[in-house]
Amino acid sequence: MPKVYNWQLGREMDYPYNGIRPKRQVALIMDTNKCIACQTCTVICKTTWTPGRGQEHMLWNNVESKPYGFYPLGWDVKILEQHGVQPLDGDTYAGKTIFESAPANEIALGYIPGDQDYAHPNVGEDDSFGNMTRGAHLSMQHNQWMFYLPRICNHCTYPSCLASCSRQSIYKRPEDGVVLIDQERCRGYRECVKNCPYKKSFFNPVTRASEKCIGCYPKIEKGHQTQCTTSCIGKIRMTGFISTPDKAREDNPMDYIVHHAKLALPLYPQFGLEPNVYYIPPIHVPPPFLHQMFGRKTAAAIATYRKAAQDEKLLGALLLFGATERIIHRYKVEGGQTIGYDETDTEVVRVPLVEPVKIRPVWDEAHGAYRTNVT
Amino acid sequence: MYRTISILALLALAACGPSDSPVNQGKAPDPAPNVPTIVAGRVSEAGPALAPDSGIFDAAPELTVNLLPQTVVVPRNPETSVPQISVRAVHDGKWLTMRLEWQDNTLNNTTGISDFEDMVALEFPRTPGTTPNIMMGDANNPVVVLQWRAARQAAIDRGERPESRHAYPHMSTDIDIGDLLGNDGSVYQGAAHVGNPVSLPDINSSPVLAQVAAGFSTLTSFKERIAEGRGVHNGERWRVTIHIPLGGELELVPGLVPGANSILAFAVWDGKHEERGSRKSWSPAWTPIRLDD
Ligand code: SF4
Ligand code: SF4
């Protein structure tokens, strides 16, 4: 089997195809600390791409409440259980990927979810149960904590869906790294559904073919960020192009956050797909849980986040989230503002590092009324 | 990657167009006398009207073909779900009908999110006289693959394109894009919208997909060449007929005419065991077939 280099693991790994990186790789950064689970992203994705018959169960974008939320049910605990305990410390990943631990007869570890697993997204995820005694809000197996995890297809550098398709109906676009299923060639074998560890490839029982997030490629081609990014109420997302660490540019906000500040981390990098959605981890969650989910650099990322306001460049990059529909290729911080430029190096957005604050007196002279804060 | 393979498939197709494959050129040699051969006797009617349970097949000699799990390419099938298939064949000069029978006590003819359908396929060399790689042919020696599908037949019998409610009768949904957008809603039917034959864009088509392949991962459906077929499940076993037009405008397998010899191979998929694609039971050797004059 060919060897490919996975920078997230710091080593080469087995992959069924030779590793040819796209000319550029589309990526998303999501700040989990800011997500409010309003599901606007889920709804806009649904209405844009999957309102059709046979797509009823499909959420190319979903937001689940961790630790008890899953879509489809148990998606990550099931594959983690198959994968077994893996050593996660050290600069070079010493464990096995899902390709390297594939059972005989298979391309990778995997399973096909049951139809019921898709049936009740979000139901009961963060509901309380049992009787509340006076003074207690909630009783759980462990101290109370939770966070929201928004998820889309990771447009992986080494997609398991692509590797598993015995018809070679899945391809990674050389121009932007978006991973697509050829709807003319797919025969609904569901090998991609089985072997995507993130369960972001879905079977459509009406067309009898599989479908997945298309990375809003018509928008990407026009220089626009994805629908889930531009609709995000919490402004938690940024879509852009990410470089490999050796080619990282400090003036690319994606590169700055991921490679220079090392603030955003891939989800379950130990699976070995080099996923291209990067998460700023939640700051209030027990470290062992995050360690398993985002890798060993989580604690450092949280420490960086806590003092992000002291790093003007980092703050500048973070303030560009949700500030424009355009993809930002370059940015700079100047005169107390962060300025974003598009592919043609035209300025598309300018955001102050510190929002102006106006303090108004409680008594409004003009209207003869008290001002009250109703929010 | 996919484009390269498509081009290969097209080249292979172009290389074996009708003008390059006169019927008598390179006829398969007569099989050795001791090699079990399927003999298709001539009957008065062997077209699509011939039902799988028809008594006509009782008089046709039966050949039992042993099947093995597909263990050459990954993903492999570690165990054989269907160890044997019984084959009978008749022809009437216009149609060759293969009647295939195998034990399967579970009917799988739906395609829900996590269920798979029963299927059976025949494979013939596309160019008379050649012995292609039995695993989907090769670039110089393409094969014709005729695959009957149980869920496809069920949808055609219903006369309605597949709907989620066929698999999930009690489902409810907030938006029906068809009601909202009419025909414009078809863009949300990705594979069907682009005419993928597995999506049954035409409900009047056949339960048998007629396809050509020139190596692994190259299986491509013919747009117009039609084979017919019908399956009947009696609770214990399938009986499936596949009707192949002989010669004429609809010719699918060049050289397959009365008096000719050819070879063919078989594959069966058991939906209950989630078989699809390369997860199948197959005959790893070509079986000779002779069409009586
Ligand atoms: S997340 Fe899954 S569906 Fe998306 S590219 Fe990676 S393997 Fe494929
Ligand atoms: S729109 Fe933004 S804030 Fe709302 S759920 Fe989605 S990611 Fe979270």
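The values are calculated or read from the model by the stated rules, or taken from the named source; none is laboratory data. Fair warning: this is a prediction, and the values are worked out from it, not measured in the lab. Using ideal geometry, Cβ is built from the backbone for each residue, glycine included, and neighbour counts are taken over all protein chains shown. When the accessible area is computed, the model is the full protein with side chains, heavy atoms only, and any ligands, DNA or RNA have been set aside. Shrake-Rupley method; radii C 1.70, N 1.55, O 1.52, S 1.80 Å.
Annotations
- Contact surface A-B: accessible area buried, both sides summed, square angstrom, 1.4 angstrom probe: 4100 Å²
- Debye intensity ratio I(q)/I(0), log10, chain B, q values 0.07, 0.09, 0.12 Å⁻¹ (C-alpha model): -0.26, -0.44, -0.78
- Environment charge of A:Gly69, counting only residues whose C-beta is closer than 12 Å and scoring Lys/Arg +1, Asp/Glu -1: -3
- Note on A:Ile359/A:Ala309: beta-carbon distance plugged into 1/(1 + (r/R0)^6) with R0 of 22 Å gives a FRET efficiency of 0.60.
- Loop trypsin sites (Lys or Arg not before Pro), segment B:197-237 (other Cβ atoms within 10 Å of the site Cβ: 13 or fewer; DSSP): B:Lys223
- About its Cα centre, segment A:1-159 has a charge dipole of approximately 520 debye under the convention of +1 per Lys or Arg Cβ and -1 per Asp or Glu Cβ, with nothing else charged.
- Each of A:Cys45, B:Asn34, B:Gln84 was placed along the dipole of the protein assembly as shown (beta-carbon charges, centred on the mean Cα), and the one lying farthest toward the positive end is A:Cys45.
- Per residue, the solvent-accessible area of segment B:113-222 (1.4 Å probe, heavy atoms of protein chains only, all protein chains present) comes to 38 Å².
- The residues neighbouring A:Asp31, those whose beta-carbon lies less than 12 Å from its own, together hold a net charge of +3 under the Lys/Arg +1, Asp/Glu -1 convention.
- Chain B, relative contact order [Cα under 8 Å, separation at least 6], %: 29 percent
- Shape analysis of segment B:204-293 places it in the rounded category; the axes a ≥ b ≥ c from the Cα gyration tensor give an a/c below 1.5.
- Nitroxide proxy distance, nm - points 7 Å out along Cα→Cβ at B:Glu79 and A:Ala299: 4.7 nm
- Listed residues B:Ser186, B:Trp238, B:Gly215: farthest to the positive end of the dipole of segment B:138-260 (Cβ charges): B:Trp238
- For GluC sites (Glu not before Pro), the sites in segment B:232-269 that DSSP calls loop and that have at most 11 other Cβ atoms within 10 Å are B:Glu236, B:Glu249.
- Inter-part distance where segment A:24-46 and segment A:57-121 are each reduced to a Cα centre, Å: 20 Å
- Degrees between helix B:2-15 axis and first principal axis of chain B (Cα, 0 to 90, nearest 10): 40 degrees
- In loop segments of segment A:272-365 as defined by DSSP, the GluC sites (Glu not before Pro) with at most 10 further C-beta atoms inside 10 Å of their C-beta are A:Glu365.
- Put a dot 7 Å past the Cα of A:Leu88, heading toward its Cβ, do the same for A:Gln337, and the two dots end up 4.2 nm apart.
- The ellipsoid that matches the Cα gyration tensor of segment A:33-124 has semi-axes, each √(5λ) in whole angstrom, of 29, 18, 13, with the longest given first.
- Chain A: C-alpha pair distances exceeding 27 Å, %: 50 percent
- Segment A:281-375 - charge dipole about Cα centre, Lys and Arg +1 at Cβ, Asp and Glu -1, debye rounded to 20: 480 debye
- Each of A:Ile36, A:Thr372, A:Val85 was scored by the projection of its Cα onto the charge dipole of the protein assembly as shown, and the greatest displacement toward the positive side belongs to A:Thr372; charges sit on the C-beta of Lys, Arg, Asp and Glu.
- When only alpha carbons of the protein assembly as shown are considered, Rg and Dmax amount to 29.2, 111 Å.
- Taking amide H positions as modeled 1.01 Å from N, with prolines and chain starts lacking one, the residues under 5 Å from B:Arg237 and 5 or more places away or on another chain are B:Asp104.
- Taking the Cα centre of the protein assembly as shown as reference, the dipole from Cβ charges on Lys and Arg (+1) and Asp and Glu (-1) amounts to some 1380 debye.
- Estimated distance in nm for a label pair at B:Thr64 and A:Thr40, the labels positioned 7 Å out from Cα along Cα-to-Cβ: 6.8 nm
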